[in-house]
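Notes follow the structure.
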Amino acid sequence: MTTVNIQRDYRMKEAIRAVLSGLCRTDLERVLACMTGEFDLKVEDSQCANESSIDGVGSPHIILIVKTEKNAIKLSQLKAEIELGSIPKVHWPFILVITPDDSPPGLLRKLHHNVWWVPFAQVNQATVEILSNRSYFVSDYDVSNLLELQNLMHDWRLADRSDLGPANDVVIVASFIGWRKHILNQNYTKSGQFVVCRTDESFCQAERLGFYSQGIILQSFPKILEIFEKVNFRRHANKGLLRQIVDSAVDDYPQWVGEQVKILQLSNIFSEDTLNIPDWIPNDLRSKNGQPVHFTLSHRFVSSEALKSAKTTSDLVWIARPQYVA
């Protein structure tokens with residue numbers, strides 16, 4: 001392992017540590033659930049402190065192991081890091097291994113611990129969920145840490161890798177208004193359809209948009225033709241196409257009138273640029289206890305190739321499984 005790789009591993013680990021350490025226990029469990037796909041996941045108390053601990057004393061206790069290169073995990077190094085980070089009074093620390101590998105490193109099964117492996121694509125999805133979902137009560141400092149982590153993953157081309165194979169080129173948004181209007185084909189102009197969203201929404205590498213609401217993903221995925229940034233959202237405040245879009249949308253989004261928004265211009269539902277699949281995709285995600293789990297509360301990235309063959313949302317998501325000695 002080169003000095004550069006060691007430095008990259010350390011920097012990425014510190015970025016992830018900063019994010020996880022800043023969250024309360026409830027939000028931490030939600031973020032870990034988003035990373036692993038295990039929605040009944042609980043972390044244990046160390047009975048040593050009242051705040052989260054990443055590689056140290058605290059409650060809950062997490063041992064974080066991060067590699068930024070494929071096939072970089074070494075068994076001896078793993079055992080050393082786990083021993084160094086363990087707390088005697090914690091009989092089951094939460095061990096989180098994050099790598100860019102395409103599948104769980106096989107040697108993780110040789111460890112006498114519950115170890116969760118997560119690819120960077122899922123870490124990126126978790127950061128998207130936090131930043132987009134206002135039910136997370138994160139501070140400006142936490143937002144800064146999240147953005148730094150996102151930038152690192154994108155700069156090092158770690159967030160674009162997916163276990164699904166093809167690139168995650170479709171963003172599925174949780175939007176009842178967008179979902180309803182897309183079905184009725186009301187939100188269109190002569191230039192296509194449109195979607196209004198907050199200025200801080202990030203769609204990364206997505207080329208298409210899909211809608212999730214009422215437990216299903218709609219079967220049409222229009223192409224994102226253009227993104228208009230920082231648009232004044234009030235009647236008669238814009239010119240041309242933007243005026244036509246905004247003036248027809250203010251009644252649907254009264255909470256944003258007078259603010260700046262982001263507007264996505266989309267291909268028409270009947271356009272050749274729009275990907276259409278035979279049927280809706282129902283959400284069948286469940287927790288271990290059998291409780292329904294939302295596919296997303298904000299937006300989630302998937303691949304168009306996966307959408308073409310998916311029967312349910314389980315075919316679209318990556319679900320981690322603990323790697324342990326049987």
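Computed from the coordinates by the stated procedures, all read-outs in this text should not be read as laboratory data. This one's a predicted model, so the numbers in the text were calculated from it and none came from an experiment. Glycine also receives a Cβ, built like all others from the backbone with ideal geometry; neighbour counts cover every protein chain displayed.
VAL4 to GLU207: extension gain in nm, 0.36 nm per residue of separation minus the Cα-Cα distance?
Details: separation 203, 0.36 × 203 = 73.08 nm, distance 3.33 nm.
Computed gain between VAL4 and GLU207 is 69.8 nm.
Could you check the spin-label model distance between HIS154 and ARG109? Points 7 Å from the Cα along Cα→Cβ, value in nm.
3.7 nm
Could you sort 94-100, 271-277, 4-10 so that the peptide with the highest average Cβ count within 10 Å comes first and the rest follow in order?
Details: 94-100: 22.6, 271-277: 15.0, 4-10: 13.3.
Highest to lowest by the protection proxy: 94-100, 271-277, 4-10.
Please give the peptides 149-156, 238-245 ranked by average Cβ packing (other Cβ atoms within 10 Å per residue), highest first, as a rough proxy for protection.
Numbers: 149-156: 17.0, 238-245: 15.0.
Highest to lowest by the protection proxy: 149-156, 238-245.
Taking R0 as 30 Å, what's the FRET efficiency between ARG198 and ASP273 from their Cβ-Cβ distance, rounded to 0.05?
Details: r = 25 Å, r/R0 = 0.83.
After rounding, the FRET efficiency stands at 0.75.
Between GLN214 and ASN71, how high is the FRET efficiency from 1/(1 + (r/R0)^6) when r is the Cβ-Cβ distance and R₀ = 51 Å? Nearest 0.05. Intermediate values should be presented prior to the final figure.
Working: r = 43 Å, r/R0 = 0.84.
Using R0 = 51 Å, I get an efficiency of 0.75.
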